[in-house]
1. Which angle between 0 and 90 degrees, to the nearest 10, do you get for helix 19-32 versus the longest principal axis of the chain when only C-alpha atoms count?
2. Which order do the peptides 230-236, 121-127 take when ranked by the mean count of other beta-carbon atoms within 10 Å per residue, highest first?
3. Could you work out the relative contact order of the chain, using alpha carbon pairs under 8 angstrom and six or more residues apart, expressed as a whole percent?
4. With both bridge residues required to lie in the range 60-155, what share of the DSSP beta bridges run antiparallel, to the nearest 5%?
5. With every protein chain present, what is the per residue accessible area of the range 77-137 (1.4 Å probe, Å²)?
6. Which value, in debye to the nearest 20, gives the size of the charge dipole of the range 19-244 about its Cα centre, when Lys and Arg are +1 and Asp and Glu are -1 at the Cβ?
7. Along the charge dipole of the chain, which of His152, Asn243, Ser218 sits closest to the positive end, that is, farthest toward it, with unit charges on the beta carbon of Lys, Arg, Asp and Glu (+1, +1, -1, -1)?
8. Could you tell me which residue out of Asn191, Asn379, Gln347 lies farthest along the dipole of the chain toward its positive end? Charges go on the beta carbon: Lys and Arg +1, Asp and Glu -1, centred on the Cα centre.
Amino acid sequence: MSFNQGNSLFVGTPNIGNQDVFLSRTVDALKRRWLSNNGKYAQEFEAAVSKFLGVKHCIAMCNATVGLEIAIRSLGLSGEVIVPSFTFIATAHALQWQEITPVFCDIDPVTHNIDPAKVEALITPRTTAIMGVHLWGRGCDVEALQRIADKHGLKLLFDAAHAFGCSHNGQMTGGFGNVEVFSFHATKFINSFEGGMVTTNDDELALRLRRVTNFGFSGYDQVDCIGTNGKMNEISAAMGLTNLESIDEFIAINRAHHRRYQELLDGLPGLSVMPYGEAERGNYQYVVIEIESDIAGISRDLLVSRLHEQGVIARRYFYPGCHRMEPYRTLYPLAGNHLPETERLTQRLFCLPTGSALTENDVESVCHIIGNIMSEARNGAGTREP
Ligand code: T4K
């Protein structure tokens, strides 16, 4: 059993809602000839997200990277910002792009999120904020981070790219800290092709965020500040709105896939499927596997490469960590010295395909393939590193 080139299974295959509804919205936007700039569907999408999350202000964006940049600028950040290295590169780039130094903080080995116990030691007179990442949709220790931010007069923001539809201590992600930023990229739980949403309960900040998103305009001919173009177009908004209407179905599918992976993989030596807390709402969008190579009898990299050969396009998210990528590797060559958990986890984790494009059979086949690769490795076959 394997998948060939034509039917490979990919991590990140989009969840797609009702195509007829999406197409009729698209035709409507075309007929009305309103394609962008705070159009009807962008407004409807913002309102729907605001209601769903219980957050006062939601500002639709062209993508989350620009959303992060806009949030950072609108908060007036400068100097240094404390951030995990164990994240997608966009988190760090959004800071460095604005000549703000990302000061990489280690993570908690269980939650994979920024470890609040390691934050205070990194604060200097140049620090202006802490930026947490709700990795895999599991909430950061928001309360501890807020206490540190308050104590030192720092801003607190969250890269919530993975966390749409997830809760922390029973509260939906979106209203924590000063501002949070979601991604609606094609690979994300809810997608708008490309897109994002910046969310806050702060009225003044919301006004600034909107202005910065639209070149700094505050009226037809009036510009109040430096801005950029972060706007979401109408086709993306129509897609986001349509997909949001299928959220319960997507959660049910992802959850069932995650459970099946747990049932079939947790028993294999050296493998464990990262759990999601049952007490919280989750989107189960990431099936994250931790491998202990000594016990499994195969390295993470060899297993992933064997999976690729058989059409299962697993991903080593987030290897090798931002601090080992440019420009950070050159700028901060010693950063890894105080990131032992990050260094360890980047060598041990990989993600498996999930989402509404997969059937239960597909999930079972992936597990079967993994079982075969591992038993071959234990029998000494094919243990050459890629
Ligand atoms: N913060 C965090 C923590 C993030 O994870 C991300 C994005 C951001 C910020 C920034 O958000 P955006 O600015 O993108 O809104 C992908 C995504 O491009 C990226 O959005 C995402 N994180 C990251 C985790 O994954 P790559 O470099 O892995 O992309 P790529 O082209 O290898 O595709 C990923 C997988 O998805 C492949 O297996 C193929 C599959 N795929 C992809 C697309 C676009 C499909 O099956 N269909 C598709 O349409 O970054």
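1. Roughly 30 degrees between the two axes.
2. The most tightly packed comes first, giving 230-236, 121-127.
3. Answer for the chain is 23 percent.
4. 10 percent
5. Result: 33 Å² of accessible area for each residue.
6. Dipole of the range 19-244, to the nearest 20 debye: 520 debye.
7. Going by the charge dipole, the pick is Ser218.
8. Going by the charge dipole, the pick is Asn191.
The values are calculated or read from the model by the stated rules, or taken from the named source; none is laboratory data. As the structure is a computational prediction, the values presented were derived from the model and not from experiment. So basically every Cβ, Gly included, is an ideal-geometry build from the backbone, and we count neighbours across all protein chains shown. Heads up: the accessible areas ignore ligands, DNA and RNA and are worked out on the full protein's heavy atoms, side chains in. Shrake-Rupley method; radii C 1.70, N 1.55, O 1.52, S 1.80 Å.
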